[in-house]
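Q: Attaching a single structure in structure tokens format; questions to follow.
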Ligand SMILES: [Zn+2]
Ligand SMILES: [Zn+2]
């Protein structure tokens, strides 16, 4: 990971931008500046996540509530008057007010589908696009799919049933869910099991959630042109379990353990500690590799 020395002044500067960043209002260069800083500064990254979380809860509330038109107009005027303190205003705003925030810019339809407003999706996509500056091309795939499906899209409402898993993955791959579940500690539940397509790659993807909301993804994708952690990304294994080499990578807030399984590369990605993530991977990887060696694809 590239680490740049950021002084207090530059943290303040970035924090002033966060609101506009989340609103997709910044120029491309400034956007990149914010992303680079967030990559290297855990404190600002935390601030960023809290700001994003506030927006998310307001939007969730917006889906449940309606609000009188007059109130919308007053609040909207208030937002316009004081853009800089908008976040504070949003925090203090009533649930009803958030409806306006969404409606006033016409995002409701998109929000219903994805749970995210377009400007936020754009900011997230730009964030994902910036990752190859910090991690290798293969490693990137694991982070990208975890962030895209697990963290940003949050399609994780309920514990998923075996019938749905079978439906999503088919008879050949469905048993992977059982393997994943078996190797996870008891306080995890599988919340997502699907095949997803993201940025031109197809993934087999599981997300499990722990009681404290930590998310762990198991991601698999077919290797293209002999992709490997050693050669493509220049990594050396951080661990070896039963003949399976495990490679490690981190970005701010997330850790990844990568492995190769025949025609596939696989990833265990989470917001656990590096050690916690590696421990999960050490439990999961040997079983997954053994299983994938029998998969025709
Ligand atoms: Zn900072
Ligand atoms: Zn996915």
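Each value in this text was obtained by applying a stated rule to the coordinates, not by laboratory testing. Predicted model only: the values in this text are computed from it and were never measured. We place every Cβ from the backbone using ideal geometry, glycine too, and count neighbours over all the protein chains shown.
Q: If you take the beta carbon distance between residue 295 and residue 47 as r and set R0 to 41 Å, what does 1/(1 + (r/R0)^6) give as a FRET efficiency, to the nearest 0.05? Don't skip to the end; give the middle numbers.
A: Details: r = 43 Å, r/R0 = 1.04.
Computed FRET efficiency for residue 295 and residue 47: 0.45.
Q: Would you please put 197-205, 13-21 in order of how densely packed they are, using the mean number of other Cβ atoms within 10 angstrom per residue and starting with the highest? Before the final figure, lay out each step's value.
A: Numbers: 197-205: 15.7, 13-21: 18.8.
Ranking the peptides 197-205, 13-21 by packing returns 13-21, 197-205.
Q: I need 265, 28, 241 ordered by Cβ neighbour count within 10 Å, fewest first. Could you put the intermediate results ahead of the total?
A: Details: 265 24, 28 8, 241 16.
With the sparsest Cβ surroundings first, the list reads 28, 241, 265.
Q: Sorting 147, 131 on the 10 Å Cβ count, fewest up front, what's the list? Show your work: numbers first, answer last.
A: Numbers: 147 22, 131 18.
Lowest to highest Cβ neighbour count: 131, 147.
Q: Same structure again: Taking 0.36 nm per intervening residue step and subtracting the Cα-Cα distance, what contour gain separates residue 11 from residue 202 on full extension?
A: 65.0 nm
Q: Can you bin segment 136-292 into rounded, prolate or oblate? Criterion: square roots of the alpha carbon gyration tensor eigenvalues sorted a ≥ b ≥ c, rounded for a/c under 1.5, prolate for a/b above b/c, oblate for the rest.
A: Rounded shape, in that the Cα axes give a/c under 1.5.
Q: Further question on the same structure: What's the exposure ranking of 232, 221, going from fewest to most Cβ atoms within 10 Å?
A: Placing the least packed residue first, the sequence is 232, 221.
Q: Let me ask something additional. Assuming R0 = 41 Å, what is the FRET efficiency of residue 32 and residue 230, from their Cβ-Cβ distance, to the nearest 0.05? Please report the intermediate quantities before stating the final value.
A: Values: r = 30 Å, r/R0 = 0.73.
So the FRET efficiency works out to roughly 0.85.
Q: How much length is gained if the chain between residue 125 and residue 172 is pulled fully straight, taking 0.36 nm per residue apart and subtracting their Cα-Cα distance, in nm to one decimal?
A: 13.7 nm
Q: Under 18 Å from a point placed 7 Å out from the Cα of residue 25 along the Cα-to-Cβ direction: which residues of segment 119-148 have their backbone N that close?
A: 119-124
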